[in-house]
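Participant: Pasting in a structure now, in structure tokens, and then I'll have a few things to ask.
The values are calculated or read from the model by the stated rules, or taken from the named source; none is laboratory data. Owing to the predicted nature of the structure, the values given are computational and were not obtained by experimental measurement. We place every Cβ from the backbone using ideal geometry, glycine too, and count neighbours over all the protein chains shown.
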Amino acid sequence: MTWSMRAFGEEAVAQAAATVGTDIEQGRFTGGLVVVEALDELLGDDAEDELGRLFKMAREAGVCVLVDGAIDKFNYGVPRLALASRQAIVLQPDADELEQITGLAVGRIDRARFPPGRAFLWADAGVSLIQVATPTEIP
């Protein structure tokens, strides 16, 4: 996969989010994937407002946004907007974390028994156990 845009740091992320949000809004973003890594580290800075706008534009246009961040930060504000699509892959959560994100009670979960890549897929108000491919060697 080739990345068409990358941004690191508050100012660059804010600018990239504004650009991609505008491209989505004006119909210039045709397919692809928007990835936001470490969302919880971008809260409270210049990027937060632009990311919120980007998440709204992406949801309205049906653009897939993949967000990485600490689960406990997804209860409010911009991170909550990332969950508005009501779809997520949650890697190795405990029951409380999964319920916090989905609003669904899933019962007891023993994370120690999860192999690498084991996750829950949350879609259409249901939760399924899945296996995500992982490299045999992480560089």
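Participant: Is it true that some residue in segment 63-70 is more than 11 Å from the chain's Cα centre (by Cα) and assigned by TED's automatic domain parsing to the domain that holds E25?
Facilitator: So far as segment 63-70 goes, yes, one or more of its residues are more than 11 Å from the chain's Cα centre (by Cα) and assigned by TED's automatic domain parsing to the domain that holds E25.
Participant: Right, next: Using beta carbons and a limit of 6 Å, which pairs, at least six apart or on different chains, have the first residue in segment 109-126 and farther than 18 Å from Q87 by Cβ and the second one hydrophobic (A, V, I, L, M, F, W, C) and at pLDDT below 75?
Facilitator: Hits for this filter: I109/A95.
Participant: So for segment 102-113 (the condition being hydroxyl-bearing (S, T, Y), under 15 Å from D72 (Cβ atoms), outside any loop (DSSP other than H, G, I, E, B) and outside the structural domain of V67 (by TED's automatic domain parsing)), does at least one residue qualify?
Facilitator: Among the residues of segment 102-113, at least one is hydroxyl-bearing (S, T, Y), under 15 Å from D72 (Cβ atoms), outside any loop (DSSP other than H, G, I, E, B) and outside the structural domain of V67 (by TED's automatic domain parsing), which makes the answer yes.
Participant: When you look at L51, is it within 27 Å of Q92 (Cα to Cα), exposed (fewer than 14 other Cβ atoms within 10 Å of the Cβ) and under 16 Å from the mean Cα position of the chain (by Cα), yes or no?
Facilitator: no
Participant: A further question follows. With within 13 Å of the chain's Cα centre (by Cα) and surrounded by 16 or more Cβ atoms within 10 Å (Cβ to Cβ) as the only criterion, which of F120, F74 stands out?
Facilitator: Being within 13 Å of the chain's Cα centre (by Cα) and surrounded by 16 or more Cβ atoms within 10 Å (Cβ to Cβ) holds for just one of F120, F74, which is F74.
Participant: Okay, next question. Just one of the numbered conditions (1) modelled with pLDDT of 80 or more; (2) touching a strand residue (DSSP E or B) at 6+ places or on another chain (Cβ under 9 Å); (3) aromatic (F, W, Y) is not true of F29; which one?
Facilitator: (2)
Participant: Which ones in segment 45-73 are farther than 22 Å from F8 by Cβ and part of a loop (DSSP other than H, G, I, E, B)?
Facilitator: Of everything in segment 45-73, just one residue is farther than 22 Å from F8 by Cβ and part of a loop (DSSP other than H, G, I, E, B), namely G62.
Participant: Read through the list (1) over 12 Å from A17 (Cβ atoms); (2) of a type in the set (G, A, S); (3) in contact (Cβ under 8 Å) with a residue 24 or more places away in the chain, then give the number of the only condition that G52 fails.
Facilitator: All conditions are met except number (1).
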